[in-house]
Amino acid sequence: MTGVQTCALPILAFSFSFGAICSAVGQISAGVVPSASDCFAEVRERIGPFLRLSVLLFFLALVAVAAAGVLGVAFFWILHQRHMHPSIFIIRVVSFLCVGLTLLVLSRFGLALPALILDNCRVGQAVFRSDELTEGKWLTLVILLAKSLIGGYIAGMFPFWLAGWIWAYIRLPRQFLAVVSIAGVTVVEPFMFIGFALLYVRMAALSSASSKAPASQLL
């Protein structure tokens, strides 16, 4: 299995899980008791647009990571020009802030998948719909993003923490721990994104209500 396939499979599994969760949130909001089979079936019904949107969001995530790297390099270059030598702690803090800033911008598109699954938007419509509904919601996005990053970090590091605790009794291969870590993040992370699905349902309802109000006034 190539590196691309190794990376693509967890991302695809995450996307399918998140899509099914979006379907479940929509059904619960409508007063329907969801089932796992129905939720995944709804994702499969839109498999073409779903895969295209997943690839687009993955590409945007790569761009965000690259932008974070450029920001970090630019910052440390400026420090170097001023003959300043940051400590390891400062380097880590700045790197974290650069990644967090770019991911926060990327989170503006976090409602695209719910838009595609719940309202049958096309790929382009879903992206612009997400951008529209998250306008001015920076604090909410920070909270949702922080929860997702913290949950994913704990899920990814837990196998290594556990291995450290039992190291005196059992020595697990690092390759095995890496696979378990990726599997843990793939399973846990979609649930960390429930907040994005709930935010979409709430903001879509508010947007629909506000658009109907002027129409009712004209009657």
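The mean sequence distance of close C-alpha pairs (under 8 Å, at least 6 residues apart), as a share of the length of region 65-160, puts its relative contact order at 24 percent.
Taking 0.36 nm per residue of sequence separation and removing the Cα-Cα distance, the residue 12/residue 176 pair yields an extension gain of 57.0 nm. Accessible area ranking (1.4 Å probe, heavy atoms, ligands and nucleic acids excluded), largest first, for 171, 108, 44: 171, 44, 108.
Note on the chain: GNM, Cα springs under 10 Å; of 63, 180, 32, the largest mean-square fluctuation is that of 32.
From the largest down, the chain spans 69, 49, 30 angstrom on the principal axes of its Cα atoms.
Percent of Cα-Cα pairs more than 16 Å apart in region 83-127, please. Here the tail beyond 16 Å accounts for 57 percent of pairs. Per residue, the convex hull spanned by the Cα atoms of region 109-160 measures out at 81 cubic angstrom.
Contact order, relative form, for the chain: 26 percent (alpha carbon pairs under 8 Å, 6 or more residues apart, mean separation divided by residue count). Look at the alpha carbon pairs under 8 Å that are at least 6 residues apart: their mean separation over the length of region 87-215 gives a relative contact order of 27 percent.
Working from the Cα coordinates of region 123-200, the gyration tensor eigenvalues give, after taking √(5λ), semi-axes of 36, 13, 8 Å in decreasing order. Annotation for region 60-137 versus region 26-54: alpha-carbon center distance of 27 Å. Size estimate for region 3-83 follows the Kirkwood approach: the inverse of mean 1/r over distinct Cα pairs works out to 15.4 Å. With a 1.4 Å probe rolled over the protein heavy atoms of all chains, the accessible area of 207, 95, 15 falls in the order 95, 207, 15, largest first.
Average projection, convex hull of the Cα set of region 31-158: 10.7 square nanometres. Largest first, the residues 147, 137 sort by 1.4 Å accessible area into 147, 137.
The values are calculated or read from the model by the stated rules, or taken from the named source; none is laboratory data. Nothing here was measured: the structure is a model prediction, and the numbers come from that model. When the accessible area is computed, the model is the full protein with side chains, heavy atoms only, and any ligands, DNA or RNA have been set aside. Shrake-Rupley method; radii C 1.70, N 1.55, O 1.52, S 1.80 Å.
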